[in-house]
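Novice: Pasting a structure here, questions to come.
No value in this document is a laboratory result; all are computed from the given coordinates. What you are looking at is a predicted structure, and each value in this text was computed from that prediction instead of being measured. Don't worry about glycine lacking a Cβ; one is built from the backbone with ideal geometry, like all the others, and counts go over all protein chains shown.
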Amino acid sequence: MTHFSTEDWIDFVRQVADSGQMAAMQKHLNEGCLKCETTMETWRRVVNLAEQQQMFQPPAAAVKAAQAMFALRNVIPFPTSSLEWATLVSDSARQPLAAGMRGGYAVRQLLYKSGSICIDMRMQPKPGSDSVVLMGQLLDSANPDHGLGGVPVSLLGAEGMLSRNKTNDVGEFDFGVDAITHLQLVFGMGENRTIIVPIPEGEGS
């Protein structure tokens, strides 16, 4: 008995073979060829699985983060093979107001983490202006008593880099900004690691 090739059965299950070939292969199956039926069923499962995978869509947040990371590669001052998106783990604007308080927070305290690296940051309005001071400290939770000094840190906006500096001896940094919109802090943690910190735009965002 003549058997059909694997390529023929792939075309059969994908239904891209010509009608004459399809009829001949179906007749071959009807005649009880166990070998070809096994090959056909294997590839039918593969094709069905591939079709099912196309139905799945990644979460919108994951897509947005990935797009942002690729865009950042064009503007970060120290591109590396690894870009890490720091996670916001604490935000004072999301905490309930203490009893008797009616207004919002004048100063916003934020804590981000990426692995063992912690970014403790404060957003403080400048009195009499619309400007804000971003100040904080870069720490390693494995050695929290000593800040990470001499680390390049840049402030990026929608149009690119706004300012660039390094953390001081105890890991502290600060930037003055006119508006909190589309801002990110980028820390160059050596040749193989860059940490990106998204700055929240509004209270509780």
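Novice: Only counting other Cβ atoms within 10 Å, I'd like 11, 169 sorted with the fewest neighbours first.
Specialist: Fewest-to-most ranking of 11, 169: 169, 11.
Novice: For 28, 3, which order do you get if you count the other beta carbons within 10 Å of each Cβ and list the fewest first?
Specialist: 3, 28
Novice: If we count every other residue with Cβ under 15 angstrom of residue 137's Cβ, Lys/Arg +1 and Asp/Glu -1, where does the sum land?
Specialist: -3
Novice: How about residue 126: which aspartates and glutamates have a C-alpha closer than 15 Å to its C-alpha, ignoring those fewer than 8 places off in the same chain?
Specialist: Partners found: 174, 178.
Novice: Would you mind counting up the charge near residue 148? Only other residues with Cβ under 11 Å from its Cβ, with Lys and Arg at +1 and Asp and Glu at -1.
Specialist: Here the count lands on -2.
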